[in-house]
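What follows draws every value from the coordinates through simple rules; no lab data is involved. Fair warning: this is a prediction, and the values are worked out from it, not measured in the lab. Reconstructed Cβ throughout: ideal geometry from the backbone, glycine too, with neighbour counts over all protein chains shown.
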Amino acid sequence: MIERLGWVLRTLLSHWRRHPLQGVCLLVGLWLATGLWTGVQALNEQARDSYDRAAGLFGEDNQSVLVSPGNQPFDQEYFVTLRRAGWPVSPVLQGSVTLNGPDGAATRLRLTGIEPLSVPEQGSVVGTIQQVDLVGFLVPPGRTWIAPDTLAELGLSSGDTAQLANGHALPPLQSLAAVPPGMLLVDIGVAQRMLDQSGRLSQLLVEGAFAANQPPLPEQVALRWDVRDEGDLQRLTDSFHMNLTALGLLAFIVGLFIVHAAAGLAMEQRRGLLQTLRACGTSLRLVVCALLLELLVLALVGGSLGVLSGFALASLLVGDLAASLRGLYGAQVAGQLVLDSQWWLTGLAMSLAGTLLAGGSSVLKAMRMPVLAWARPQAWRDAQARSIRRLAIMGVLLLLVAGILIYVGESLLTGFMLLGCLLLGAAWLLPLVLSLLLRGGRKLARSPLGHWFWADSQQQLSGLSLALMALLLALAANIGVGSMTEGFRLTFTSWLDQRLAADLYLRPESQAQADSIEQWLSRQPSVQAQLPSWQVQSRVRDWPTEVSGVIDHPLYARRWPLIEAVPGAWDQLAQGRGAVISEQLAYRLDIELGDAIELETPDGIWTLPVLGRYADYGNPKGQLLVSAEQLNQRWPGLEVSSIGLLVDEAAISDLVAGLQDNFELGGFSLIDQAALKRYSQQVFEQTFSATAALNTLTLGVAAVALFTSLLSLADARLSQLAPLWAMGLRPSRLAWLSLAQMLMLATLTCVLAIPVGLALAWCLVEVVNVQAFGWRLPWHWFPFQWLTLAGFALLAVLLASISPVWRIVRVGPTQLLRQFAHNA
Amino acid sequence: MLEVSTLTKSYQNPQGPLQVLNGVDLRLTAGHTLALMGESGSGKSTLLHLVAGLDQADAGEIKVAGTSLTGLGEAARAAYRRDRVAVIFQQFNLVPSLKVADNLAFQARLAGREDTAWLALLAERLGLASLLDRYPEQLSGGQQQRVAVGRALAVRPPLILADEPTGNLDEHTADEVMTLLLELVREAESSLLMVTHSARLAARLDRQVTLSAGRIVGDSLP
């Protein structure tokens, strides 16, 4: 039995030796599908691992902490008071530092100071503390614990020392796996020195069991209960990663189309071989086993190549991903890929499942045919024609489901299901629509050659339909995602122009510094207005929310666009009679104008009617603006978070120089409008760079699918063209006609892809974006983009057609005559 | 060797059932050769396919070397095709991706009965010894049919079934292939059931049976 299986397998595999290019195409399909999918999964896993490391550092996701009302540093005396009162608290000081790497490049890192002896036991850092030289960490010069991937990114090694931009030298670096990426972990005393925050802390960790009931704080301790926001990262970034996954899945499906096309055509070419095998006494079960084994071998080869490429692709994109996650969510993601064996195995399993899905159907289809039907040359084509009708019916059903989902879907998952139904439904309907169009063309044809042109194109359809479906999917995805991205770019740029009303923004380090700066600024004639604001990190119905207190100034009404508002919203806000809220907070919590929001304050519950809604693109958290006066009354002791300045344009550089000289403000503490716009746009570009790369690759995959199909059809093509040659058409003319057929089919597909792409864009803008991020973009049309994409698609088709068409040009009489001999 | 009793077979077509075989009775003794003749659509290829176990009869029985095909499952019929019979097709049905040597040994390997000495002798007798390293597409039609004959004989089955084995060949080549086939069938001690339109070729076999409208209408045996 095993020996027989071996012979059957060897016989089946010999097909690929005779058609190496077809085999290569199938492997390329598998390779691309697996590569793109595993690449995206690698990026997601890398990010999730980083979040987990950050969230688990000091305890479970919802680690309770004590912070100041405004989340600003507070006096460490509170820590001493609480410890004396028997509270199991541990001090933490966090801040951003800029580290000068050995190559001179500056890297921003998060410096965290801890007191290792009192850290709550639930955190991953405790396990680390028990395994390392704690004395070395505590006793001068101390140690700087750093993640191995961050250390490698910096180009440094354990034992090295590093210089911060503010002149301080870090204690010697020590690589520790438990430390999250982008973080420097030092002793609390060292952190206070490095951050120039002597005697200050940013939060107190509280032991889990003690914090469970959140006991009231002693009166003299002006702190409030909160939870560490690292746990929110997973929640906030879920949509981002789901978008990436959807794109990866799309690329995977398009890649599988190649596999499906190549496997189906290989099956057609091996029809006779299968008949011979059966006639010579190979049982159906043995043939199925051998075909499945063959698929397994192909899946393992293509999958292995794909997983390796996926790793390479992820390595290329992880830098951009890390930058955009940092820019969008403040999340630190390691810039160097570290993946476990499970990822590699999952990639191979995905390749295997994909191969079975794409290739298994042709095996099943062939198995259902009676053994004698394989001898009929038209059997496969008849089956293809039937499958076109079946596909169309399923396509219509999927489009109906999509229509229903538009009305009943209420989650991001149903949003993606809608996209899947729309894309697959449209793709499955394509062959029938093309067939009907070609039939129409045939009716209009007057000359015999014209009649043949349309009829033959229709005959080609069964062999090319899968590749054309892949082209439709890729084009529709490019048009849809491109429209959404471009629309977002336009909206985002004009929104930035409006929102960044002040010319300069500065963040004082303390209230004392803020007071000095305000006094200094009031003496500067070039400063037209100061717009200080106060911020409190809070939660509205458990959603992380930033409460911003703004002063009464006409600039807000003039430059802060509201999507909708009650009359006189800004005046009412200034009088403390309500709040304006961000669009995503309104959507996320289903808040309408006039609804009341309840905020927990040290002073009790603060009920605020909603006065307006504004766009706040790129901010994953909710935000609400309230009167600064009211905010300071509710949260006494708040320090100024930032000050916006309206300045005479000509005096900006002098004012910046003055602020830097007098208050040593630099880096992110003082930033002008242009720099802020540049930074925001950079984050935007980074966010969509992975999308753009995946989209381009998807179009490339579709071109490969077409090439595969054309190549596989090339043999059969000669026998179809030979009668025309015999009737007096030259091979070069036949080649041109074949090329024209391909371009005509591709053009029709492009034309059909535009409405599908626009429908996709509509779903992205109106459904997925709203579900994922909570904002809705205005609709824009980009006809030039569609034309460019269609041009690229036709170019790809042209390139894919060159080799098969050239083969027709070069074909000699002997080969053409042989077609008649074969048909005899 | 072969006993066919009251065999009937019909196919469904858009106009209704089409009766192809209508109570065929036929016997072929071991070591003998039989030519099955008749006009197109008379049912001769259908009869051959049923005997080969490639299709199933509606009623009646087929016995080959004592084994009845009635009620055999797919796997058992495959084993029957592998061990008891070998089919030579008009279109040769060689495996295009395998060399001549592998094509010759193909069925014998599947049956687990590869005999290198017998294969070498077959190759020599069929004039294929110098072509063993070639692929089927590099051979002429006559050479390809010789490979198909060799593949069937390589397994030395009790019964060889040939469906117009020389239908694609010119008269001279057909005669050559036929001579070789009959010689080797004799040497392999097999029986031969051959479908043909050619009365001239049929005359070279021991017995001629004519089918018409699914019934035997002529038999050279009294």
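Return the percentage of antiparallel bridges among DSSP beta bridges fully within region A:59-227, rounded to the nearest 5 %.
Around 75 percent antiparallel, to the nearest 5.
What list do you get for A:F492, A:F252 if you sort them by fewest beta carbons within 10 Å?
Going from sparsest to densest Cβ surroundings: A:F492, A:F252.
What value in Å³ per residue do you get for the convex hull of the alpha-carbon atoms in region A:501-677?
Expressed per residue, the convex hull around the Cα atoms of region A:501-677 is 118 Å³.
Rounded to the nearest 5, what % of the DSSP beta bridges within chain A are antiparallel ones?
Just about 75 percent of them are antiparallel.
Can you work out the PRE-style zone for B:E137? Point 7 Å along Cα to Cβ, and I want the residues of region A:251-270 with backbone N under 19 Å.
Output list for this probe position: A:262-270.
If you average the sequence gap of Cα pairs under 8 Å that are 6 or more apart and divide by the length of region A:502-620, what percent do you get for the contact order?
Relative contact order comes out at 21 percent.
Going by the alpha-carbon gyration tensor, a ≥ b ≥ c the square roots of its eigenvalues, is region A:59-227 rounded (a/c under 1.5) or, if a/c is not under 1.5, prolate (a/b greater than b/c) versus oblate?
Note, shape of region A:59-227 comes out prolate.
Kindly provide the helix-only [θ] at 222 nm of the protein assembly as shown, computed as the sum of -39,500 (n - 2.57) over DSSP H runs of four or more divided by all residues, to the nearest 500 deg cm²/dmol?
Only helices count here, giving -19000 deg cm²/dmol.
Using the Kirkwood radius over Cα pairs, work out the Stokes-Einstein diffusion coefficient for region A:142-297 at 4 °C and 1.567 mPa s, in µm²/s as a whole number.
D, rounded to a whole number, is 57 µm²/s.
Straight-line reach from A:K677: which lysines fall under 27 Å, measuring Cα to Cα and dropping same-chain residues less than 8 apart?
A:K621
Could you tell me the relative contact order of region B:2-219? Use alpha-carbon pairs under 8 Å, at least six residues apart, and round to a whole percent.
Relative contact order of region B:2-219: 31 percent.
Classify region B:2-219 as rounded, prolate or oblate from the Cα gyration tensor: take a ≥ b ≥ c as the square roots of its eigenvalues, call it rounded if a/c is under 1.5, otherwise prolate when a/b beats b/c and oblate if not.
Prolate, since a/c reaches 1.5 and a/b exceeds b/c.
Rounded to two decimals, what ratio of Rg to Rh does region A:404-507 give with C-alpha atoms and a Kirkwood Rh?
Value, to two decimals: 1.27.
For an R0 of 22 angstrom, estimate the FRET efficiency from the Cβ-Cβ distance between A:L400 and A:V433 and round to the nearest 0.05.
Efficiency, from the Cβ-Cβ distance: 0.85.
Taking the Cα atoms of region A:151-196, report the difference between the largest and smallest coordinate on each principal axis, in whole Å and largest first.
Dimensions of region A:151-196 along the principal axes of its Cα atoms: 27, 19, 16 Å.
Hey, if you drop one equal point scatterer on each alpha-carbon of the protein assembly as shown and run the Debye formula without solvent, what base-10 log of I(q)/I(0) do you get at q = 0.05 Å⁻¹?
-0.49
Determine the shape class of region B:116-159: with a ≥ b ≥ c the square roots of the Cα gyration tensor eigenvalues, call it rounded for a/c under 1.5, and otherwise prolate if a/b is greater than b/c, oblate otherwise.
The shape class here is oblate.
Against the longest alpha carbon principal axis of chain A, how many degrees, from 0 to 90 and to the nearest 10, is the axis of helix A:284-329 turned?
For helix A:284-329, the angle is close to 30 degrees.
Using a cut-off of 25 Å between alpha-carbon atoms, which lysines can reach B:K44, once sequence neighbours fewer than 8 places away in the same chain are excluded?
Hits, sequence-local ones excluded: B:K9, B:K63.
Percent of alpha carbon pairs in region A:564-619 separated by more than 20 Å?
24
With an 8 Å cut-off on Cα pairs and a minimum separation of 6 or more residues, tell me the relative contact order of chain A in percent.
17
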